[in-house]
1. Can you tally the net charge around residue 96? Count Lys and Arg as +1, Asp and Glu as -1, for every other residue whose Cβ sits under 13 Å from the Cβ of residue 96.
2. What does the extension gain come out to for residue 128 and residue 115, with contour length at 0.36 nm per residue minus their alpha carbon separation?
3. Just want the answer: with Cβ charges of +1 for Lys and Arg and -1 for Asp and Glu, which residue in 28, 51, 38 is farthest toward the dipole's positive end in segment 16-66?
4. So, in nm, how far is label residue 12 from label residue 44 when the simple model puts each one 7 Å beyond its Cα toward the Cβ?
Amino acid sequence: MTTNITHTLNLTDIDVVLPTEFQLLQPSDARNHAPHALRVVRHETTEQTYVFDTPRHYLQFVLSVSPRRLLADVLHTRYIELSAQYDSDPYFHSSVTHTVAAFTRNSVVLHRMKSDETSVRFELTQQEMVALVSGYQSYLDDCEQASGEAEATRDPFLDFPDDLS
């Protein structure tokens, strides 16, 4: 029997990843000017306040300011950030894309979340992950071997710059 259980992150899981220089303001805090917002965060040094009305915007912010790649360990699942990118085009259409991996003992689920589109999620099985990792390692080994062979067969006396001035 195969079970496909997907665990979700909640706001407290995201709060844990928030760097220490940011303080989560409670609704009763006098510095909180948006007590009905989902989250209000204040940077201790700059004293700048950030207000978030959606979990997606809060997650994007935390990922952008967090120097760590580990996001959370929840119910035997480890979430890590693979990348965070900001994209913009000439017409000022900007978006933020985050790619997150969720590791379990049996699989890896990849989440790609883009601020202006629906998120994409797909799962790699253990066999696919083994093929991916071993294929990538084999590729790196082949590249290293090829560059080593090219270096060994290079004649240093024939490599002159074009301009001998």
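1. Around residue 96, the surrounding residues sum to -1.
2. Net length gain for the segment: 1.9 nm.
3. The listed residue farthest towards the positive side: 38.
4. If labels sit at residue 12 and residue 44, their model points lie 2.3 nm apart.
Read-outs throughout are calculated quantities, based only on the coordinates presented, and are distinct from any laboratory measurement. For clarity, every value in this text was computed on a predicted model and none was experimentally measured. Using ideal geometry, Cβ is built from the backbone for each residue, glycine included, and neighbour counts are taken over all protein chains shown.
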